[in-house]
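Single-structure report; data block below.
The values are calculated or read from the model by the stated rules, or taken from the named source; none is laboratory data. Keep in mind it's a predicted model, so treat the numbers as computed, not measured. Cβ placement follows ideal geometry from the backbone for every residue including glycine, while neighbour counts extend to all protein chains displayed. When the accessible area is computed, the model is the full protein with side chains, heavy atoms only, and any ligands, DNA or RNA have been set aside. Shrake-Rupley method; radii C 1.70, N 1.55, O 1.52, S 1.80 Å.
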Amino acid sequence: MTDQRAQFGTRLGVIATTVGSAVGLGNIWRFPYEAGAHGGGAFLLIYIGFIFLIGVPVICAEFIMGRGTRRNIFGAFRALHSSRYWAWTGYMGILASILILSFYSVVAGWTMEYLAEALTGTLDAASAGGELHDAFDNFAAGPRSVMWTLIFLAINAVILFRGVRGGIERASNVLMPVLFIILIIFCINSLTMPEAAEGLRFLFRPDFTKVDSSMLIGALGQAFFSLSLGLGTLMTYSSYFSDSTPLVKSAVTTASLDTLVAILAGIIIFPAVFTYGCEPAAGPKLVFEVLPSIFHQMPGGPIWAILFFFLLFLASLTSTISMSEICIAFFCEQLGMSRRRATLLNTVIAMSLGTLCALSFGAFSGFTVCGLTIFNLFDYLSSNIMLPLGGMLISIFAGWIVDRRILRSQLAGTGRISTPLLRTITFCLRYVAPAAILLVFLSGLDII
Ligand code: PFF
């Protein structure tokens, strides 16, 4: 079975696909607005702490389980332990992947609308007329938002139909370098703005009076969301790694590049926000309302708008490909479906739920659960609860249940792993990551 499974062809393919999964709307759209809402520097510092203290060990755990078993998330738990209970972590991951795919595709659809508007000049005209706020609200509430969600999911399906090597790897190899180049051009542009220094101060100078439980939960949720961690994405991808892929190095590279992109996004956005007198804590609207007006004021603005929304679209696509793969691998391997049928089923479910999410800005805006619209509910349940909880369970499972010999042999791969490094990773998996996640959860309940 192991030999028949697809594998990524090259080391570049491994990095491009895992980083492609991690880098997405989470870095470029969500990170700046979360950092903006929580005061900038202190959020960034705590976020980076979570990425390396919790994120890297949990990525290693997913890699060990994925490559060690060469199965989907559900199959990996079953292969490593006979109890049915642990496999529920797999079900939770599959459910989280569907919820995220549904609301994420709506935002990805918005990027396509804005790209289309930037190409036709409508966006620049709306910026000139000061109509961005109403234009966004009208669009998000209307049928075009549903249409773009469905188109986005159809494009996602076409890439997935082509399989791991032909589709995902080839697409990522092309898309990821393009994305880095566009980001760097943007950074250079932002650093030449008049208020660049103030923007950078906001992003990099920590103000620890801003630290509270909501910031801790925000930073933890952002770390998991941004690393695509806790739901089996990296476990599924690592099941396609070759035996010689170095796991620790790949984990550190993925986390570092993902963090770099988030920081680059901050460097792009905050100087612009301060230069044009915008509000850093504008929330999720930051990208869709504020940036177009910034582009409008910049020399060559329409070109920047096209590049920016094209970039967001690419970044979203490599992420949704990875979250879909969790479900598709499960459908194929556990339910015996063909890849084509599994992709179709995943797409139909996401299109149905995605339509509900899109409509929650319009026709269904009055339908709420615990005060949250369907879109916000899916986001809250998956990002703030399921991913950190999944990460905690994966960490405990890898640290306490999985045989030490499997940890050692997987982390060593075809090379060697030093005993101190193995001990450090095991210690983090057993104690540090679970305790830190638990403490953040408890702080949110106001228990500590
Ligand atoms: N990490 C992606 C981002 O930052 O946009 C989002 C994501 C992808 C979450 C894949 C979960 C996932 F399985």
**Message:** Looking at region 223-234, can you tell me whether even one residue there is modelled with pLDDT of 90 or more, aliphatic (A, V, I, L, M) and away from the ligand (no atom under 16 Å from the Cβ)?
**Reply:** no
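Are there any helices (runs of 4 or more DSSP H) wholly within region 202-275 with 1 or more residues that are open to solvent by 10 Å² or more (accessible area, probe 1.4 Å), and if so which?
Values: elements: 213-227, 233-238, 247-275.
Per the criteria, 213-227, 247-275.
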**Asked** Among the numbered criteria (1) modelled with pLDDT under 90; (2) within 15 Å of the ligand (Cβ to nearest atom); (3) under 20 Å from THR253 (Cα atoms); (4) open to solvent by 10 Å² or more (accessible area, probe 1.4 Å), which single criterion is violated by TYR33?
**Response** (3)
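Residue-by-condition table, conditions (1) over 16 Å from the mean Cα position of the chain (by Cα); (2) open to solvent by less than 40 Å² (accessible area, probe 1.4 Å):
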residue: ILE100; (1), (2): no, yes
residue: LEU115; (1), (2): yes, yes
residue: THR122; (1), (2): yes, no
residue: VAL146; (1), (2): yes, yes
residue: LEU153; (1), (2): yes, yes
**Fill in**
Pairs returned, first residue in region 289-301 that is farther than 13 Å from HIS133 by Cβ and open to solvent by 30 Å² or more (accessible area, probe 1.4 Å), second residue that is in a loop (DSSP other than H, G, I, E, B) and not β-branched (Val, Ile, Thr), beta-carbon separation under 7 angstrom, 6 or more apart or interchain, are GLN297/TYR276
**Request:** Of the conditions (1) within 24 Å of PHE50 (Cα to Cα); (2) of a type outside the set (Phe, Trp, Tyr); (3) more than 16 Å from the ligand (Cβ to nearest atom); (4) in contact (Cβ under 8 Å) with a residue 12 or more places away in the chain, ALA262 clears all except one; give me its number.
**Result:** (3)
**Prompt:** Can you tell me which residues in region 350-366 are surrounded by fewer than 15 Cβ atoms within 10 Å (Cβ to Cβ) and at pLDDT 95 or above?
**Reply:** SER352
**Message:** Looking only at helices (runs of 4 or more DSSP H) that lie completely in region 311-414, which have at least 3 residues being touching a helix residue (DSSP H, G or I) at 6+ places or on another chain (Cβ under 6 Å) and either away from the ligand (no atom under 15 Å from the Cβ) or free of Cβ contacts under 8 Å to residues at least 40 places away in the same chain (or both)?
**Reply:** 339-359, 387-396, 404-412
**Fill in**
In the set LEU95, LEU80, LEU25, the lone residue that is in contact (Cβ under 8 Å) with a residue 60 or more places away in the chain, under 28 Å from TRP400 (Cβ atoms) and either touching a Cys at 6+ places or on another chain (Cβ under 9 Å) or within 16 Å of the ligand (Cβ to nearest atom) (or both) is LEU95
**Request:** Determine whether PHE308 is open to solvent by less than 10 Å² (accessible area, probe 1.4 Å), modelled with pLDDT under 90 and either at positive phi or not small (Gly, Ala, Ser) (or both).
**Result:** yes
